[in-house]
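Please see the structure below; I have some questions.
The values are calculated or read from the model by the stated rules, or taken from the named source; none is laboratory data. Predicted model only: the values in this text are computed from it and were never measured. No Cβ is skipped: glycine too gets one built from the backbone with ideal geometry, and neighbour counts run over all protein chains shown. Ligands, DNA and RNA are stripped out before the accessible areas are found, and what is left, the full protein with its side chains, is counted by its heavy atoms. Shrake-Rupley method; radii C 1.70, N 1.55, O 1.52, S 1.80 Å.
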2 protein chains.
Amino acid sequence: MAHSDEGMWLLNDPPRQLLKERHQFDLTDPWLKNAMLASVRLNSGGSGGFVSPDGLFVTNHHVAADSLQKLSTAGKDLLRDGFYADARDKELKCPDQEINVLQDITDVTKEVNAAVKPDMTAAEAFAARRAVMGRIEKESLDKTGLRSDVVTLYNGGLYHLYRYKKYTDVRLVFAPEKQIASFGGDVDNFEYPRMNLDVTFFRAYENGQPAKTPHFLKWSQTGPQSGELVFVTGHPGTTQRLETLARLKHRRDELLPYTLYRLRTLEAALKQYGEQSPECARQAATDLHSVANARKAFSGQLQGLLDPKIMEQKQRAERDLLRAAADARGLSEQTHYPKLRSAFDDAMSALERIEAVQAKLRGFEKAHALVETGHAFFSPLFGIARHCVRMGDELPKKSADRLREYRDSNLESLKYQLFSPAPLYPELERAKLAASLTFLAENLGGEHDLVKLALAGKNPAARAEELTAGTKLFAPAERKRLVEGGAQAVAESKDPLIQLARAIDAEARKLRARYENEVEEPERQAYAALAAVRFLAYGSTVAPDATFTLRLAFGTVQGYEVGGEKLNFHTTFGEAFEKSAKLGGAEPFDLPKRWLDGKDTLDLKTPFNFVSTADTIGGNSGSPVLNRAGELVGINFDRNRHGLVRNFVYTDVQARHIAVHSKAVLEALRKLYPAAPLVKELVGQ
Amino acid sequence: MAHSDEGMWLLNDPPRQLLKERHQFDLTDPWLKNAMLASVRLNSGGSGGFVSPDGLFVTNHHVAADSLQKLSTAGKDLLRDGFYADARDKELKCPDQEINVLQDITDVTKEVNAAVKPDMTAAEAFAARRAVMGRIEKESLDKTGLRSDVVTLYNGGLYHLYRYKKYTDVRLVFAPEKQIASFGGDVDNFEYPRMNLDVTFFRAYENGQPAKTPHFLKWSQTGPQSGELVFVTGHPGTTQRLETLARLKHRRDELLPYTLYRLRTLEAALKQYGEQSPECARQAATDLHSVANARKAFSGQLQGLLDPKIMEQKQRAERDLLRAAADARGLSEQTHYPKLRSAFDDAMSALERIEAVQAKLRGFEKAHALVETGHAFFSPLFGIARHCVRMGDELPKKSADRLREYRDSNLESLKYQLFSPAPLYPELERAKLAASLTFLAENLGGEHDLVKLALAGKNPAARAEELTAGTKLFAPAERKRLVEGGAQAVAESKDPLIQLARAIDAEARKLRARYENEVEEPERQAYAALAAVRFLAYGSTVAPDATFTLRLAFGTVQGYEVGGEKLNFHTTFGEAFEKSAKLGGAEPFDLPKRWLDGKDTLDLKTPFNFVSTADTIGGNSGSPVLNRAGELVGINFDRNRHGLVRNFVYTDVQARHIAVHSKAVLEALRKLYPAAPLVKELVGQ
């Protein structure tokens, strides 16, 4: 059941009742429609919102980092130094940024489920479901021209078709210096109080002109007050709140330790690479940030799952569900549950099946992650090689029979990424491959067939050297040649990365099939059964787990206490200067020269960052924070450490998301940056 | 068989023949005696050499780091900023530095082996051997007053009694800035060319006066020439050259991955701690250096063991030994091998037994390392708590029956460490405990009994907070109180760390006993059998693996080629300035202000670091490098990356150890540091 302000709600099933009862807010259709059409998903991983009718949108600097890095070269470091285009013809086109704007949602659950017959094996069921989803998407694409994705909700309880307007001409307008965008760096990541100008502005273009975006968010010149109701519209990535206890224990004891081992390994390798020279540090900056950010987030998740109180809470919830299922006979005849009397048996059986899946998974999870997911080959070069190899095999098939990522409706976006001209640095990729090939051997051992296949008679360091020195895949033209040449061009290629991807492909596909048939499909069926029981017991008062699709969250702006200390709901510009001075201006608490020089011009009392209880998770980075009037009062960019357990449970005792205050952006743009035209576009003056 | 310049030779079995044949050098007894009595072991882990008759000795800055850190406080950072005492009464006493100087060696193999009867169980054999070693040490200590250690050589082939003169009043004389001591930091660690002034001078005191050290090494004012024969006298820590292939595979597939996982975990935690503020960085500096250094060394070892060429070489060596054993009948009757005809069976059986041990070890190795070795509790506070607990149980027993570290002959050194007044920082220890308790849970899983015992119903972060906030063990007086109060004081203590150490002690001791009886003793017996076969086949032309005891290595000073580039045998001061300038003076390639300011006064052609083929390993840090005349021409401080496989195989194709040139030290002391008295003590002018 929804507690307090919990919930990342579906836009087609918003919590109108709850908002009315808890906050006396009437969620109208026009409000919702404007919020939906003004919300942006960045496919590099994050959210944003249109803030002018001319395609201008805001997101986080750390979400924009991928593009900022790809627009940089040795000696021109936009990620570190920032950027501003004071005229439209100076806006910089990102090499491979794609954004999606949700247009509508259709429930296709019946159609998807109808394709799966009760007597099918897991493999047949998986294939049938993949085929029907692919068909629905293809028909939608053909009919509307919109990007069409069937999204699995409640881990298999519902299937919805999401249609997006897609923009691939995205241009950089403004980014601040990294020093102020992520003041405090890794130290202050997931902490509060925070003082970060974590914003970047892009503009979407269509046909070479700024896109027309009549649905946009008005920029609030006042921002939020303490206690005020706010909304977050964005794309939370993944949560595990509806996972069973057995799955969470597997996560705690197997998956998270492996993940942290991997992330710390990559982080060490990237830091070592970066320490070689300032240019090496520049090259490794975005990889390092994303790895360190993930390491900190997963560390918080592990602490959460190792907290007996949280595990007890999850156990209680599971028992409550069983009790409710056992009481099903007494429930109203109005419920849609088909077999009321078997609800308890269904739920218990589903829990047991999920538990059994975990035991199987342990036997091949690491091999699957390393070789099929690709953890053994931590470089976009390998992903490119694999796509070239697999497209040669998959594209001749019917769309419905292909591996899902090669379905017709996804090909355009896939090729846009695959043929990206974004720079890759041979020495960096070599270091990353050396680290991840070593990690492969560490996990499976030197005698393992997959290790021998991958290393081909060399040690990991020498193998990485051979792969990066010999490959031509740095050139987009070569990738195109291979994809266009199909299976034959691939088979004839002497490229060592292509040969590696080919050599392991049979084993990788076997692992994928095992995962699909022994884990994904049985879990999906079991979770669907649990979801049915849950609907029966609680109705739709529980939001589905996050799926990197648009959701609406709400909460109130409020500070909190830690160890007796009361933290205000917002910080100020002044606090950034104070903290930097106190720590001797040493990295990561150094401030940009522009800020030090311009300090006197600033109103130091300007609110900088603020917190609210709204329910967010990774992927929500860059989400607009709206007030009752639907105006943008902030840009969400983080959670505090207490919010790291939100993957599993919602709490508002101390857990908060953190946003840049809308006033802070205006004050900084006006006083410190020569960005008058941008301010004018935002607020008309 | 010894190849080329391979070998870390025993001082009582030096390679006289080899030196004569290969280098026409006549190793005389006086030369050897002076080298032995002038060589110093630092028990914090490293080597050094007396360089004046008044107790002055030189070692590496990175070996001295432990003491430099312990002498530092907030605002006074000797590790970073360096130190010089221009008068003896300004020399700073280290809080817990102990140095040992080897006086003589006695072969006690017969006595030790006689105590172990063929019909004993592994547990009985282990106890009998521990008892006889303890007795020999105790008798020697009582008779001579010297620190007396029975050392196991050839993994059980020989037992030698080493007697040391011990100094515990060690004072800091001179240390340079860390910037120049480890110029290039982690990036250049295990790399060449190098430009490091990695030296620090201490003075040993006795009865409050500078120790009289008539055996010292004359400081060479010229240093070595290319092609010159040099010697390294120091204390190599551990090598694994005589390990069997099965053991090495275990190392590659189990132990090293676990070790790297652990080190990267600790490194990440320490870096995160240090990034919080400059003071946090200061506190974490030595831990971070030692963890990063180990991570890099073990990474190199893993690359070595994943190199099929190296594993083939080890397999060949093992097969050669079996062949030699099979040919034993044809060997001279002069050999001492007792059962010539069974040599092959003995060797084969030993190999098989060692292989069987590895299979057993896999079942409990991690639990043993975490809970008995203490990896789960990465803080000196836990070591202190455990000693207090165990001393209460062990000291009432007869010395021979105690856990080996509590034998009478070791108690003085142990207490010197245990009651050290060196500062500990609660927040740093909290962070280290949080990281290592998390690592415990990651490895054993949240349901494991040992994890539940250690975490006591909290998550790792909260448990670490509880332990460090509640303990009184920061105070040496409390440690003394507990040790003096014995088992009763310990039982009554409410200290959470004492209670933790007590709570897990039964399980920890069980794991230790399993390790001793199922691994240590069977391996020792099997390696003794292999050693016997090896003596039979090759005589004493194979040096034992390193054991952190004094060894003599020799080699020639020579450069080498990498990728077609010829590297000179030495670098120069000028190269340090060039490299720093090229990399924009950014950390870790920043130079001390003193060096930048004084650049013009320096002879930039002064040789800075040089390389030779002599056989070294970790523990040799700070070892004197001597010429034919027995003069000090350098101070060893590192190996290059090609030397990282030296744990397993010796090669001189590219592998080199790296030393600070004796001339560099004089030039820097004369021109940059106000250290005329020190120079005068070294060279008389």
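Taking the stretch B:257-268, which residues are more than 7 Å from chain A (Cβ to nearest Cβ) and either surrounded by 22 or more Cβ atoms within 10 Å (Cβ to Cβ) or of a type in the set (D, E, K, R) (or both)? Before the answer, list the steps.
Keep residues of the stretch B:257-268 that are more than 7 Å from chain A (Cβ to nearest Cβ), which gives B:258-259, B:262-263, B:266.
Correct list: B:ARG262, B:LEU263, B:LEU266.
Touching a Ser or Thr at 6+ places or on another chain (Cβ under 7 Å), of a type outside the set (Ser, Thr, Tyr), touching a residue at least 12 places away in the same chain (Cβ under 8 Å) and away from chain A (no Cβ under 14 Å), is that true of B:ASP590? Give the derivation first.
Working: touching a Ser or Thr at 6+ places or on another chain (Cβ under 7 Å): yes; of a type outside the set (Ser, Thr, Tyr): yes; touching a residue at least 12 places away in the same chain (Cβ under 8 Å): yes; away from chain A (no Cβ under 14 Å): no.
Answer is no for this residue.
Determine, yes or no, whether B:THR239 is within 12 Å of another protein chain (Cβ to nearest Cβ), in contact (Cβ under 8 Å) with a residue 60 or more places away in the chain and crowded, with 20+ Cβ neighbours inside 10 Å.
Numbers: within 12 Å of another protein chain (Cβ to nearest Cβ): no; in contact (Cβ under 8 Å) with a residue 60 or more places away in the chain: yes; crowded, with 20+ Cβ neighbours inside 10 Å: yes.
Against the criterion (within 12 Å of another protein chain (Cβ to nearest Cβ), in contact (Cβ under 8 Å) with a residue 60 or more places away in the chain and crowded, with 20+ Cβ neighbours inside 10 Å), B:THR239 does not qualify.
In addition: Out of (1) open to solvent by 50 Å² or more (accessible area, probe 1.4 Å); (2) in contact (Cβ under 8 Å) with a residue 24 or more places away in the chain, the odd one out for B:ALA114 is which?
Of everything listed in (1) open to solvent by 50 Å² or more (accessible area, probe 1.4 Å); (2) in contact (Cβ under 8 Å) with a residue 24 or more places away in the chain, B:ALA114 misses just condition (2).
Please verify whether the stretch A:140-147 includes one or more residues that are surrounded by fewer than 23 Cβ atoms within 10 Å (Cβ to Cβ) and in the same structural domain as A:GLY48 (by TED's automatic domain parsing). I'd like the intermediate steps shown before the answer.
Going residue by residue through the stretch A:140-147, those that are surrounded by fewer than 23 Cβ atoms within 10 Å (Cβ to Cβ) are A:140-146.
Filter again for in the same structural domain as A:GLY48 (by TED's automatic domain parsing), leaving none.
The answer is no; no qualifying residue exists.
Suppose we keep only residues that are part of a loop (DSSP other than H, G, I, E, B) and of a type in the set (A, V, I, L, M) within the stretch A:200-224. Which one would you say is nearest to the chain's Cα centre (by Cα)? So that I can check it myself, show each step before the final result.
Start the filter on the stretch A:200-224 by keeping residues that are part of a loop (DSSP other than H, G, I, E, B), which leaves A:207-208, A:211-218, A:220-224.
Remaining after also requiring of a type in the set (A, V, I, L, M): A:211, A:217.
On the way: A:ALA211: 25, A:LEU217: 22 Å.
My answer is A:LEU217.
Assuming B:ARG404 fulfils every condition listed in (1) surrounded by 22 or more Cβ atoms within 10 Å (Cβ to Cβ); (2) basic (Lys, Arg); (3) under 30 Å from B:LYS93 (Cα atoms) apart from one, which condition is it?
Result: B:ARG404 fails condition (1) only.
Grab the helices (runs of 4 or more DSSP H) fully contained in the stretch B:92-185, keeping just those with 3 or more residues being closer than 29 Å to B:LEU418 by Cβ. Write out each step before concluding.
Details: elements: B:109-115, B:122-144, B:178-181.
Per the criteria, B:122-144.
Since A:THR572 meets every condition but one in (1) crowded, with 16+ Cβ neighbours inside 10 Å; (2) at pLDDT below 95; (3) under 23 Å from A:ARG641 (Cβ atoms), which condition does it not meet?
In the conditions (1) crowded, with 16+ Cβ neighbours inside 10 Å; (2) at pLDDT below 95; (3) under 23 Å from A:ARG641 (Cβ atoms), A:THR572 misses (2) alone.
Residues that are within 14 Å of chain A (Cβ to nearest Cβ), at pLDDT 95 or above and in contact with a Ser or Thr (Cβ under 9 Å, 6 or more places away or on another chain): which helices (runs of 4 or more DSSP H) entirely in the stretch B:436-514 hold 1 or more of them? Don't jump to the end; show me each part of the working.
Details: elements: B:449-455, B:460-470, B:476-492, B:496-503.
Qualifying helices (runs of 4 or more DSSP H): B:460-470.
Does B:TYR416 qualify as being out of contact with any Phe, Trp or Tyr (no Cβ under 7 Å at 6 or more places or on another chain), open to solvent by 40 Å² or more (accessible area, probe 1.4 Å) and aromatic (Phe, Trp, Tyr)?
yes
Can we say A:THR556 is more than 21 Å from the chain's Cα centre (by Cα) and open to solvent by less than 10 Å² (accessible area, probe 1.4 Å)?
No, not satisfied.
Inspect all residues belonging to the stretch A:405-423 and state whether any of them is in a helix (DSSP H, G or I) and within 18 Å of A:ALA513 (Cβ to Cβ).
First, pick out the residues of the stretch A:405-423 that are in a helix (DSSP H, G or I): A:405-406, A:408-418.
Filter again for within 18 Å of A:ALA513 (Cβ to Cβ), leaving A:405-406.
Yes; the residues of the stretch A:405-423 include at least one that is in a helix (DSSP H, G or I) and within 18 Å of A:ALA513 (Cβ to Cβ).
Here is a further query. When you check B:ALA543 against the structure, is it assigned to a helix (DSSP H, G or I) and either surrounded by 20 or more Cβ atoms within 10 Å (Cβ to Cβ) or without any contact (Cβ under 8 Å) to a residue 60 or more places away in the chain (or both), yes or no? Give the steps one after another, and end with the answer.
Numbers: assigned to a helix (DSSP H, G or I): no; either surrounded by 20 or more Cβ atoms within 10 Å (Cβ to Cβ) or without any contact (Cβ under 8 Å) to a residue 60 or more places away in the chain (or both): yes.
No, not satisfied.
Among the candidates B:LYS566, B:LYS579, which residue alone is within 14 Å of chain A (Cβ to nearest Cβ) and on the phi < 0 side of the Ramachandran plot? Don't jump to the end; show me each part of the working.
Details: B:LYS566 fails: within 14 Å of chain A (Cβ to nearest Cβ).
Criteria check complete, one pass: B:LYS579.
Show me the helices (runs of 4 or more DSSP H) entirely contained within the stretch A:1-79 in which 2 or more residues are open to solvent by less than 10 Å² (accessible area, probe 1.4 Å).
It comes to A:29-38, A:61-70.
Which pairs have Cβ atoms under 8 Å, sit 6 or more apart or on different chains, and link a residue in the stretch A:288-310 that is facing chain B (nearest Cβ under 7 Å) to one that is of a type in the set (Val, Ile, Thr)?
A:LEU302/B:THR438; A:GLN303/A:VAL645; A:GLN303/B:THR438; A:LEU306/B:THR438; A:ASP307/A:VAL645
Condition check ((1) modelled with pLDDT of 85 or more; (2) within 30 Å of B:ARG479 (Cβ to Cβ); (3) open to solvent by 20 Å² or more (accessible area, probe 1.4 Å); (4) among the aliphatic types (A, V, I, L, M)) across all residues:
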position: B:ALA343; (1), (2), (3), (4): no, no, no, yes
position: B:ALA350; (1), (2), (3), (4): yes, no, no, yes
position: B:LYS360; (1), (2), (3), (4): yes, no, yes, no
position: B:VAL371; (1), (2), (3), (4): yes, yes, no, yes
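B:ALA537 - would you say it is part of a helix (DSSP H, G or I) and at pLDDT below 95? If you could, list the steps in order and put the result at the bottom.
Numbers: part of a helix (DSSP H, G or I): yes; at pLDDT below 95: yes.
So B:ALA537 passes the test.
Okay, moving on. Looking only at the stretch A:272-287, count how many residues are facing chain B (nearest Cβ under 8 Å) and open to solvent by less than 40 Å² (accessible area, probe 1.4 Å).
Qualifying residue count, the stretch A:272-287: 1.
If A:LEU530 satisfies all but one of (1) in contact with an Asp or Glu (Cβ under 6 Å, 6 or more places away or on another chain); (2) modelled with pLDDT under 95, what's the number of the condition it fails?
So A:LEU530 meets the others, but not (1).
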